[in-house]
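Since every read-out is calculated from the coordinates, none of them should be taken as a lab result. Everything quoted here is computed from the prediction, not taken from an experiment. Note that we place each Cβ from the backbone using ideal geometry, even for glycine, and neighbour counts take in every protein chain shown.
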Amino acid sequence: MPRADLNRIFAVPEKPNTPETHDNSSPQSALDVLPTPRDGRLPALRGNFLPYPTSTQGPAIVPNDLSGFRSRGLSQTEKRLRQELVELHEQYSRAVDRFNWNQLVYHAEFRFEPVIGQVYHLYRDAKGKYLLSMVEPGQWQYDHVGSFRLNLDRAWEVVEIAPEVNVRELFVHTPTPQTRT
C-alpha cells in the first residue's frame, strides 16, 4: 500500500516536501518516524506498539495472581479494624463505668452542696442505702464504698474504690432511683 494511501487512512494531511514547508524537528505523521523496509511496505503498525498481543501467534495473556495482594490487604484491614473495635469497647466500658458511678453518687443521700474539686466519700448503711459524706473512711460505722471528687463539669471522678467492693455486682444490684414528687 503506498504511503499516500496510509496517510489518507490515518487522516494525516499530505504536505509537499519542499524546503520551506519541511521541518526536520517535527515529522508529518507517526508514519514518518517508522522504519520502512526496502520493498516499500510498512510494517504491521498496530501489533508492534500495543501492550497486548493482537494475533493468536502472540504470547499468551496470563492474568496476574492477586491472591497474595488480597490476603495481605484483608489481614491488615482486619487487624486494624479489630484493634479499633477493642479500643472502642474499652472506651465504651469506661464511659458506662463513669455513668454508673455518677448515677450512684448523685442518687445517694446527702444534705449539703458539694464543692467542686473537693473529695467526698460514699458509704452504704445496713439497709443498703447510699450516703455521701465528708467524713473520712474508718471514722464512721458505715461500709465505705469509695471516694470521689466533683469536677468542673459536675461529674464525679473516682479517686478510690474500697477493696472489698465488687463493682460489677454493685452496679447490677443498684436500685433504680424513684422520682421525687
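Would you mind calculating the gained length between residue 62 and residue 129 on full extension (0.36 nm times residue separation, minus the Cα-Cα distance), in nm to one decimal?
Details: separation 67, 0.36 × 67 = 24.12 nm, distance 7.68 nm.
The residue 62-residue 129 span can extend by a further 16.4 nm.
How do the peptides 92-103, 57-68 rank, highest first, by the average count of neighbouring beta carbon atoms within 10 Å per residue? Kindly include the intermediate steps, with their values, before the conclusion.
Details: 92-103: 13.3, 57-68: 7.5.
Output ranking for 92-103, 57-68: 92-103, 57-68.
Full extension of the segment from residue 84 to residue 166, taken as 0.36 nm per residue of separation minus the current Cα-Cα distance, would add 26.7 nm. Of the peptides 74-86, 150-162, the ranking by mean beta-carbon count within 10 Å, highest at the top, reads 150-162, 74-86.
Per the Debye formula on identical point scatterers at the alpha carbon atoms of segment 68-181, with no solvent, log10 I(q)/I(0) at q = 0.12, 0.13, 0.17 Å⁻¹ is -0.53, -0.59, -0.86.
Suppose a student asked you for the relative contact order of segment 68-181, using Cα pairs under 8 Å spaced at least 6 residues apart; what percent would you report? Let's see the in-between values first.
Working: 119 pairs, mean separation 22.6, N = 114.
Relative contact order of segment 68-181: 20 percent.
Run the numbers for residue 98 and residue 50: contour at 0.36 nm per residue of separation, minus the present Cα-Cα distance, in nm. Working shown, then result.
Numbers: separation 48, 0.36 × 48 = 17.28 nm, distance 6.64 nm.
That works out to 10.6 nm of additional length.
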